[in-house]
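Below is one structure, written out as structure tokens; the observations come after it.
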């Protein structure tokens, strides 16, 4: 893998991902403000790839003054501490990421939370399989300490006021994009990808309406003047507005599909998820962990529909059921 200068003074680095069909996370180095956008996952392969590609670009990790994280998923934060240890760079993210202690507490109780969620989603048949993973799910998960917190609209650097933060919750509550107004370019993280639809999910142990947040974040990007998109996966592309329309259409179509699946009966989350026409692979061929992701995505749509009065929700012996109005 090698990096490439995709715009004057902007380098795109490919940081390999293990056990992930996406293959790699893009990290972007903005030369004039010594800023790295996203930091891949933690692995020897990713670390060596970053060092090599930076050197090939004529720069070094010691040049980096800040690492801006679009969100805190592990394939974006992995090398942030490594870069900081080498260069003294500040690690920057949205202000919501300040509650690190709460994140650590959630991970300590994750196994029991997943068990209860699986049951509440109507997946009691999966509990035996889930028990095999109790040990691995109970291990501590590394987090990252943030040095600089951004608010919506903040410049990422006092040296470069044209690159500003756009808060775009949905894929993650803390997700941000970066708008370079002078270049009409947006660094979109996982919020807008050129082919696949970003994963927007909700877990039973969390609160909120992430699909509402995501749709509103898409509308926010409609109001900006940008054409080029530098995402964290797949490839850079042009045509932001048309891609935003495709993403909104997808989620509206999925919501209508779910209403149709529910029909005149009452369905659990897993029952609804099992009938959706998933593009990646049929439900019957998904391993449990992929089914769990699909169920969480389905739940986000069900909550979105429930909150808009299009379907009703009831709880019977701790299991969620959904019916049409």
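Coordinate-derived values only; no laboratory data. Values in this document were obtained by computation on a predicted structure and should not be read as measured data. Reconstructed Cβ throughout: ideal geometry from the backbone, glycine too, with neighbour counts over all protein chains shown.
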Hydrodynamic radius by Kirkwood, which averages 1/r over all alpha carbon pairs of segment 176-289, in angstrom = 16.0
Mean-position separation - Cα centroids, segment 225-287 and segment 183-198, in angstrom = 16
Which translational diffusion coefficient, to the nearest whole µm²/s, is obtained for segment 247-307 from the Stokes-Einstein equation, given a Kirkwood hydrodynamic radius over C-alpha pairs, 37 °C and 0.692 mPa s?
-> 278
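Kindly provide the Kirkwood hydrodynamic radius of segment 172-223 in Å, to one decimal, from all pairs of distinct alpha carbon atoms.
On the way: mean 1/r = 0.0808 Å⁻¹.
Kirkwood radius, segment 172-223: 12.4 Å.
For segment 1-123, state the semi-axes of the equivalent ellipsoid (square roots of 5 times the eigenvalues of the alpha-carbon gyration tensor), sorted largest first and rounded to whole angstrom.
Numbers: eigenvalues 198, 57, 28 Å².
They are 31, 17, 12 Å, listed largest first.
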In degrees from 0 to 90, rounded to the nearest 10, what is the angle of the helix 110-120 Cα long axis to the longest principal axis of the chain?
-> 40
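If the viscosity is 1.306 mPa s and the temperature 10 °C, what translational diffusion coefficient in µm²/s does Stokes-Einstein give for segment 1-71 when Rh comes from Kirkwood over Cα pairs?
Working: Rh = 12.1 Å.
It comes out at roughly 132 µm²/s.
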Kindly provide log₁₀ I(q)/I(0) values, in the same order as q = 0.14 Å⁻¹, from the Debye equation applied to equal alpha-carbon scatterers of segment 116-252.
-> -0.77
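Note down the Stokes-Einstein diffusion coefficient of the chain in µm²/s, whole number, using a Kirkwood radius over alpha carbon pairs, 25 °C, and 0.890 mPa s.
Working: Rh = 20.8 Å.
After rounding, the answer is 118 µm²/s.
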Cα axis of helix 44-56 to longest principal axis of the chain: angle in degrees, 0 to 90, nearest 10?
-> 40
Residues residue 307 and residue 6, FRET efficiency given R0 of 45 Å [Cβ-Cβ distance, rounded to 0.05] = 0.70
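What is the Rg over Rh value, at two decimals, for segment 32-101, using alpha-carbon atoms and the Kirkwood definition of Rh?
Working: Rg = 11.8 Å, Rh = 12.3 Å.
Over the Cα atoms of segment 32-101, Rg/Rh equals 0.97.
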